[in-house]
Amino acid sequence: MPRLSDNLEGYSKAIYSTWFYYGPDRVLFDAGEGMASRLENRAFAIRRVCLSHGHLDHISGLPTLLNIRMAGMGEKTKPLDIFYPEGDRFVEGLRAHLDRAMGRLSYDLNWRPVGANDRIPLTADEDDAPRQHERWMETFPTAHSRGRLTLGYRIVEQRNRLRPEFSGRHQSEIRDMVKELGRDAVTERYAHRLLAYLGDTVPFDPEPYAGADVLLHEATFLDPADRENMVHSTLDEAIDAAVRSNARELVLFHVSSRYPRRQIRQMVPAALSAHGFPLDRAWLVYERHMDRADELR
């Protein structure tokens, strides 16, 4: 059975580069260096770039992305929206430099500062497959840089479900009720969280990403003793966040390069098992790999 994570690809290595591309909604979460080289012509499909914050390992791939969309062998006229935390001076500094350096573009480039708890429409392009349900994106504050807004993003889909008062009814009875009362009287709409991307952060109240099908949570430190400042999460904290939020799948990323790959491959499955999170529903992104946790050993 296809998983939501099958539509996700990315790269992450702490302090070097982090980015993730979610194909169905053409969304790029953060834009670390090497992103455009890895995606190649798929970079032309990106419609929205959602930046969690302005540290270089999350934005340094933007110049190449903007350039190839004008000079590469692909559609050069589709617009590109870049969402970023309002007031982030690092992003705004890069924006000012790119405005001077790149000149007139062949496409509309829209820099869109957003705050905490903003809603971003996810309109489909004409060549996209028809959608069964409406989708949008929402921002929420994370906890990475003191005194500065850093953001997480969640993709939300509107769905229908049986009203609670009718639970336990036989299927044939429900069909009769729909015929007699109408579907709206029997079902209710609700917002289902498909994916939540947290960027760099320490753990916080999981309500903003609770119930997400896929949670992307950083796990910089395998050993809590290695953390000197409270700006990044540990492996145990990331897994605990997935358990507490009832995430269906977990993507662990931003692991520190101080840990050799052999140690990572040993510790990640062990930590998942200790927290009771299924290994076949967890992924590790480290360097150029997105590995299933149950295949790491």
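The values are calculated or read from the model by the stated rules, or taken from the named source; none is laboratory data. All of these numbers come straight from a predicted model, not from anything done at the bench. Every residue, glycine among them, receives a Cβ derived from its backbone with ideal geometry; neighbour counts consider all protein chains shown. Please note that ligands, DNA and RNA were not included when accessible areas were found on the heavy atoms of the full protein model with its side chains. Shrake-Rupley method; radii C 1.70, N 1.55, O 1.52, S 1.80 Å.
Take the conditions at negative phi, in contact with a Lys or Arg (Cβ under 9 Å, 6 or more places away or on another chain) and without any contact (Cβ under 8 Å) to a residue 40 or more places away in the chain and apply them to Arg281. Does it pass? Here the answer is yes, as Arg281 does meet what is asked. Within the stretch 174-231, being within 20 Å of Glu134 (Cα to Cα), part of a loop (DSSP other than H, G, I, E, B) and touching an Asp or Glu at 6+ places or on another chain (Cβ under 9 Å) holds for Ala212, Asp213. Note on the stretch 128-143: among residues that are outside any strand (DSSP E or B) and either surrounded by fewer than 17 Cβ atoms within 10 Å (Cβ to Cβ) or in contact with a strand residue (DSSP E or B) (Cβ under 9 Å, 6 or more places away or on another chain) (or both), the one that is modelled with the highest pLDDT is Thr142.
Considering the conditions (1) assigned to a strand (DSSP E or B); (2) open to solvent by less than 40 Å² (accessible area, probe 1.4 Å), Gln158 is excluded by exactly one of them, (2).
The condition (being in contact (Cβ under 8 Å) with a residue 40 or more places away in the chain and over 19 Å from the mean Cα position of the chain (by Cα)) is satisfied by just one residue among Leu222, Leu216: Leu222. The residues on offer are Tyr209, Tyr190, Tyr153, and the sole one that is hydroxyl-bearing (Ser, Thr, Tyr), in contact with a Lys or Arg (Cβ under 9 Å, 6 or more places away or on another chain) and at pLDDT 95 or above is Tyr209.
Taken over the stretch 76-91, the residue count meeting the criterion of being crowded, with 20+ Cβ neighbours inside 10 Å, of a type outside the set (A, V, I, L, M, F, W, C) and more than 16 Å from Phe20 (Cα to Cα) is 2.
Pairing each residue of the stretch 180-205 that is over 12 Å from Gly152 (Cβ atoms) with any residue that is aromatic (Phe, Trp, Tyr), provided the two are 6+ apart or on different chains, yields C-beta distances under 8 Å for Val186/Phe166.
Has the stretch 18-27 got at least one residue that is surrounded by fewer than 22 Cβ atoms within 10 Å (Cβ to Cβ), touching a Gly at 6+ places or on another chain (Cβ under 9 Å) and β-branched (Val, Ile, Thr)? No, every residue in the stretch 18-27 fails to be surrounded by fewer than 22 Cβ atoms within 10 Å (Cβ to Cβ), touching a Gly at 6+ places or on another chain (Cβ under 9 Å) and β-branched (Val, Ile, Thr).
Within the stretch 186-244, being open to solvent by 50 Å² or more (accessible area, probe 1.4 Å) and of a type in the set (Gly, Ala, Ser) holds for Ala191, Ala225.
Which of the residues belonging to the stretch 243-261 are hydrophobic (A, V, I, L, M, F, W, C) and within 14 Å of the chain's Cα centre (by Cα)?
Filtering the stretch 243-261 down to residues hydrophobic (A, V, I, L, M, F, W, C) leaves 243, 247, 250-253, 255.
Hits for the stretch 243-261 are Ala247, Leu250, Val251, Leu252, Phe253.
In the set (1) more than 23 Å from Gly34 (Cα to Cα); (2) open to solvent by 20 Å² or more (accessible area, probe 1.4 Å); (3) modelled with pLDDT of 95 or more, Leu94 fails one condition alone, (1). Within the stretch 46-75, being open to solvent by 10 Å² or more (accessible area, probe 1.4 Å) and of a type in the set (Gly, Ala, Ser) holds for Ser60, Ala71, Gly72, Gly74.
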